[in-house]
Each structure stands twice: as C-alpha cells, then as structure tokens.
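One structure below.
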Amino acid sequence: MFSSASSWLPQARLDPLHLDWLTTAGIEVAILRLDQIDPLISGNKWFKLTEHLKAADQAGAKGIISLGGAHSNHLHALAAAGKRFGFATVGLLRGHPQPTPTVNDLQAFGMQLHWLGYGGYRARNEAGFWEPWQARYPDLVAVPEGGGGMPGAKGCVQLKALACRQLNDLGWTDYDAWWLACGTGTTLAGLVMAEAGEHPVYGALAVPDDHGVAQQVERILAQAGVNHSSYELFDASRGGFAKVDSTLLEFIEQTEQASGTPLEPLYTGKALLALKQQVEAGKFTPGTRLIFIHTGGLQGRRGFSSET
Ligand SMILES: Cc1ncc(COP(=O)(O)O)c(C=O)c1O
C-alpha cells in the first residue's frame, strides 16, 4: 500500500537567486525549489511525511489520520499523496466547515474530513485526544500536526544530499549556511541532524516566540542524540502567524517580479524578508554562500487574500 510511495524520490532544483540587495551585500544565495517537486505534493511536506509513511507501512496500516487548518499545506500534501499512492486519509480540521480552495481539494482527493471546532482542536495535545479517533479508525496511523516530530525531521535529513548533489552546477564547492522558514522547527531539526555541526542552519520563525519552536527543535535533537549542532532562530513572524502587512506584500511582489520565484506570505515570503533584514544588518560577510529552502505552501495562498 505504501510501497509505491516509499520508492518515489523527488528531485528539486537548486537555482541561483539574483536580487539587488544580495548583489549589493556580496552574498550569494541558491534556492532549493521544493515547491517544484510535484504539482500537488509540494514543498517540505513530502519529506516530513516519508518516515511517517514507512512507520504506517510497518504497522500494517491502511492509511493516515492527521490534523490541520482550512488552508493546511500538510493536509493538502497528505491527501494528494493518499490519492496518488492509494492509501486512506482522514483529516481533523480546526474550526467549523468552510469551503476554502484547500478544503475543496482535500475532498476531491478523497480525504475524509471531521471539523473539530476551535475548542476541540485546542485539545489536540492533551493526553487521550487520539483515543476515540483510533477506536473509530483502527487501521489508520496518527501523524501529528504538520507532520512534525522525530519522524518528520528524519525525513528532512535527505534535503542536504538533495542540494549538495547540485553544488557543482552552481560552480560552488561548498556553502556556508542554510536559511529556511520554521513553523514547528521539524524541517530545521532534520537539517541540523544532517549537518551535525558542519554548516549552521538559520531558521526564520513564521510563528511568535511563545510557540515553543526552540524547545521542539531541542527535543528532536536530544532524541536523535545529536551532540554537535549549530542553528539560530530569528523572529520573522511580523506580529503573529499569518499576519500580513503592506511591507511584506510589496516585498513579495518585487521579489517575484525580479526573480520569477513565486512566494507566499506565511512562510517563504516572511523568511526571505527576514534574510534581507539580516543581510542589511551585516549578519553575513561578503562572499557568504547560503542555501535558501523554498518550502512550498503556494497552494495555501489561493484562499489567503479572501481571508485577510
Ligand atoms: C510552506 C511551509 N513552509 C515552512 C513550514 C515550516 O515547516 P516546519 O513545521 O517543519 O518548521 C511549513 C509548515 O509548517 C509550511 O507549510
């Protein structure tokens, strides 16, 4: 059931990113286009799912049950993967039924949806939350929100090799650091595990400080037994998750026009703007080479303009 999923090894291009503020500072950036790995199963989500799918396969499960919001990139990728590879998917949604483009896709992909309201969704981290769902769907394996945790991070370890295979094409023999958006910190933790202290990983927080990203990263690294780690988190949330302002929207528009790279305002747009601020504040010396990960999320922006 999951075997065709585990044999799919997507490739992502590593392209030079030319922007005037990078040129002025003498910084080179290559962008790892995870948004392009597949028209439907896009971004870091696939990598965060692979180990969960392996575990489900080993457990003899028939599918996956997971949670997210009405614009969730995670549920979107999961539902698309279920349809593509033939396993069942169930989504537990935050709030009350609303027909966003994402929700319409989830239904079209065959995901069974349950709306938990807001209070019901807040209970997702309480002990016993999963019990009734596991009783109702005994053949499904539960995956935490966003595909997070240790299995999610383990699946992201391969991102380093994916990028490194292409350094030659850029004329690079090495790079200095990674830069990426963080929601739960799972993708960042996977890269820190892959690097084992060799190159630092910089995370631009799409959520406010009190979301416990640093603690989550530390938990995963401790579980993985990583002794040498080098990473730093920057507040990129601009006042809160999904808070959008005119500076951000103008930056995204200018960047898309100048580079042809599509961005969305929740993760990748905020992460690149936070990088610009750090570059302009002199965080990196001229000659620095960075890999910026495009973590996808473009499907989520379809419903966003009508929400804000
Ligand atoms: C588009 C996008 N980028 C980045 C992230 C952050 O990934 P992580 O939760 O692994 O930090 C997410 C999900 O949370 C996302 O949907």
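Each reported figure results from applying straightforward, stated rules to the coordinates on display, with no laboratory input. Please read these numbers as outputs of a predicted model, since none were measured by experiment. Don't worry about glycine lacking a Cβ; one is built from the backbone with ideal geometry, like all the others, and counts go over all protein chains shown.
Could you tell me which of rounded, prolate or oblate describes the range 150-296, using a ≥ b ≥ c as the square roots of the eigenvalues of the alpha-carbon gyration tensor, with rounded for a/c under 1.5 and, failing that, prolate when a/b is larger than b/c and oblate otherwise? Note, shape of the range 150-296 comes out oblate.
Restricting to the chain, compute how many DSSP beta bridges are antiparallel as a %, nearest 5.
Numbers: 5 of 38 bridges.
In the chain, approximately 15 percent of DSSP beta bridges are antiparallel ones.
Each Lys and Arg adds +1 at its Cβ and each Asp and Glu adds -1 at its Cβ; summed about the Cα centre, the chain shows a dipole of about 820 debye. Residue ranges 184-195, 212-223, 142-153 sort as 184-195, 142-153, 212-223 when ordered by packing (mean number of other C-beta atoms within 10 Å per residue, highest first). With a ≥ b ≥ c taken as the square roots of the eigenvalues of the C-alpha gyration tensor of the chain, please select rounded if a/c is under 1.5 and otherwise prolate if a/b is larger than b/c or oblate if it is not? It is prolate, given that a/c is not under 1.5 and a/b is the larger ratio. First check a/c for the range 45-146, with a ≥ b ≥ c the square roots of the eigenvalues of its C-alpha gyration tensor; if it is under 1.5, answer rounded, and if not, answer prolate when a/b is larger than b/c or oblate otherwise. Cα axes put the range 45-146 in the oblate bin. Between T247 and A55, the FRET efficiency from the beta-carbon distance, with R0 = 45 Å, is close to 0.60. Beyond 20 Å in Cα-Cα separation lie the following of the pairs K62/K154; K160/K243; K160/K283; K45/K83: K62/K154; K160/K243; K160/K283. Once the C-beta distance of T173 and D20 is scaled by a Förster radius of 30 Å, the resulting FRET efficiency is 0.70 to the nearest 0.05.
In the range 45-146, what percentage of the DSSP-assigned beta bridges are antiparallel, given to the nearest 5?
Details: 1 of 15 bridges.
Antiparallel bridges make up about 5 percent of those DSSP assigns within the range 45-146.
At most 14 other Cβ atoms within 10 Å and a DSSP loop assignment: could you name the trypsin sites (Lys or Arg not before Pro) in the range 121-179 that fit? Could the numbers behind the result be given before it?
Numbers: sites: R122, R124, R136, K154, K160, R165; in loops: R165.
Loop-located and lightly packed - R165.
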